[in-house]
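Worksheet: one structure, shown below.
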Amino acid sequence: MLTFLVALATLLIGFFIYGSIVEKIFKPTNKPTPAITKEDGVDFIPLPTWKIFLIQLLNIAGLGPIFGALGGAMWGTSVYIWIVLGTIFAGGVHDYFSGMVSMREDGKSLSEIIGKYLGNSLLIVMRIFLVALLVLLSAVFTVGPAGLLEMLTGISLKILVIMILIYYFLATMLPVDKIIGSLYPIFGICFIAMALGVMAGMFLGDAPMPELQLENLHPKGEEMPIFPFMFITVACGAISGFHATQSPIMSRCVPNEHLARPIFYGAMVCEGVIALIWAAAGITFFHGTDSLAAAMSSSGAGSVVYQICHGSMGDGIGMLLAMIGVIICPITSGDTALRSSRLILSDWINLPQAKIKNRLVFAVPMIIAVWIITQLDYNSVWRYFAWTNQVVATIVLWMGAVYMTKEFNSRGFLIPLIPAIFMTFVTITYIIQAPEGLKLPALVGNMVAAICTAVCIFKFEKTCKPNFKLEVN
């Protein structure tokens, strides 16, 4: 229990200390934000801070901090270190930069921002790549909650998928202050109650919470090394490129730049706390990694979540809130994923979205695409989503480093640069070694990753040299 409490305290301290450092180097101003200057009644609408925070939290906290954290827990309590350090030094920085840069760029979508700071050659690639990622994610976040609802209600999975897709369509089409702005605060309360309930169940239960162990406790041992597999598996719980696609949605609603730290960095820390709780719950409830892995393999992550909720809180209101929280999380990320896709496409072809017919142009084809993907194997879709998710996060961190040198001409670029270098090495190593990748030996993966990372550093130095002298004097 001591390890968990220390990790929890570190996350909270990180928000106040490192979050303040990140805010200080970015220098927020009191200039009018896009929510004020471009208000259109659909996407650009100023909202209260507490409401934006809850919407941002629910936007980013899909199945990642739950399913991903349970998957990461199969390596043991060493996952705590990645969740804590990743959240503070990578995920929080990533989310804050993506939100703030979008605000400074008049609420533009992620692809447009990346194109401006990393070059037009990457612009078209990122437009296509991000829309594909978001549609893929919406499919993942359709099948997951539908499976849990089927378990609870007995309703056919196909019917539940159709019902969720109808909701996605409405949330994608309607103004942001209607469904999203009205329902998310209520959902947020359920979500927070779920996390607190699971944590209380661990504290009050009979099963001892394991302390920190650095060795690889994955049942497959050396076949699944901690690096890089755990760092990709914990998608969203430490850093997530998906978050950068969601931040521009809320950047169009933030009335003052000084609110960015509690909204963007704060929501990421809150998600880190949630991931920490679920990772600890998986190891504690199943008395170790072997039983957890067996349960994940035999009955799936959805069933594991159900068992943990029932074991932590029993029947009644607590159990109901917990399951609602777990079901709502992915749905409230799936709908805004499609909304973000709509914004990316509208920015791409410069088609204003105030008129309903203009929104239909994008919404209908995306819903059809999601329906097709839901018919594929869920586990395969999740693995590819996790890797592409971290690739996007890596690109966003590089964008943040370039932005700092071009706009601020200061050494603040190190804040996003260091995690960008680390994540570059992780993502390249993973795809070379992973079963869904090239399946090559770890040595080959490390060598190729080192070369590619060095090339990225060289290109960064070349790109930013006219704006800032990077050499040490």
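The values are calculated or read from the model by the stated rules, or taken from the named source; none is laboratory data. Note that the structure is predicted; figures quoted are calculated from it, not measured. Cβ placement follows ideal geometry from the backbone for every residue including glycine, while neighbour counts extend to all protein chains displayed. Note: accessible area is taken over every heavy atom of the protein model, side chains too, but ligands, DNA and RNA are not part of it. Shrake-Rupley method; radii C 1.70, N 1.55, O 1.52, S 1.80 Å.
Do we find that ALA267 is open to solvent by 10 Å² or more (accessible area, probe 1.4 Å), in contact with a Phe, Trp or Tyr (Cβ under 8 Å, 6 or more places away or on another chain) and touching a residue at least 60 places away in the same chain (Cβ under 8 Å) in this structure? Can you show your working first?
Numbers: open to solvent by 10 Å² or more (accessible area, probe 1.4 Å): no; in contact with a Phe, Trp or Tyr (Cβ under 8 Å, 6 or more places away or on another chain): yes; touching a residue at least 60 places away in the same chain (Cβ under 8 Å): yes.
In short, no.
Looking for something within 30 Å of MET209 (Cα to Cα), crowded, with 20+ Cβ neighbours inside 10 Å and not hydroxyl-bearing (Ser, Thr, Tyr) - is there at least one such residue anywhere in the stretch 339-357?
Keep residues of the stretch 339-357 that are within 30 Å of MET209 (Cα to Cα), which gives none.
So far as the stretch 339-357 goes, no, none of its residues is within 30 Å of MET209 (Cα to Cα), crowded, with 20+ Cβ neighbours inside 10 Å and not hydroxyl-bearing (Ser, Thr, Tyr).
Which one of LEU417, LEU397, LEU438, LEU443 is within 26 Å of the chain's Cα centre (by Cα) and surrounded by fewer than 16 Cβ atoms within 10 Å (Cβ to Cβ)? Give the steps one after another, and end with the answer.
Working: LEU417 fails: surrounded by fewer than 16 Cβ atoms within 10 Å (Cβ to Cβ); LEU397 fails: surrounded by fewer than 16 Cβ atoms within 10 Å (Cβ to Cβ); LEU443 fails: within 26 Å of the chain's Cα centre (by Cα).
The unique qualifying residue is LEU438.
The conditions are (1) touching a residue at least 24 places away in the same chain (Cβ under 8 Å); (2) out of contact with any Ser or Thr (no Cβ under 9 Å at 6 or more places or on another chain), and LYS355 fails exactly one of them. Which is it?
The one condition LYS355 does not meet is (1).
Among the residues of the stretch 213-244, what is the count of those that are in contact with a Pro (Cβ under 7 Å, 6 or more places away or on another chain) and either part of a helix (DSSP H, G or I) or under 18 Å from PHE53 (Cα atoms) (or both)? Working first, answer last.
So in the stretch 213-244, the residues in contact with a Pro (Cβ under 7 Å, 6 or more places away or on another chain) come out as 216, 236-237.
Add one more test, that the residue is either part of a helix (DSSP H, G or I) or under 18 Å from PHE53 (Cα atoms) (or both), and what stays is 236-237.
Qualifying residue count, the stretch 213-244: 2.
With respect to the numbered conditions (1) among the β-branched types (Val, Ile, Thr); (2) in a helix (DSSP H, G or I); (3) under 28 Å from ALA293 (Cα atoms); (4) open to solvent by less than 10 Å² (accessible area, probe 1.4 Å), which one is the sole condition not fulfilled by VAL6?
(4)
Applying the selection to the stretch 168-192, what residues are aromatic (Phe, Trp, Tyr), open to solvent by 30 Å² or more (accessible area, probe 1.4 Å) and at pLDDT below 90? I'd like the intermediate steps shown before the answer.
At the first step, the residues of the stretch 168-192 found to be aromatic (Phe, Trp, Tyr) are 168-169, 184, 187, 191.
Of the ones still in play, those that are also open to solvent by 30 Å² or more (accessible area, probe 1.4 Å) are 169, 187.
Selection gives PHE187 alone.
Take the stretch 193-212 and flag every residue that is closer than 13 Å to ILE277 by Cα, open to solvent by 60 Å² or more (accessible area, probe 1.4 Å) and at pLDDT below 90.
Within the stretch 193-212, LEU196 is the sole residue that qualifies.
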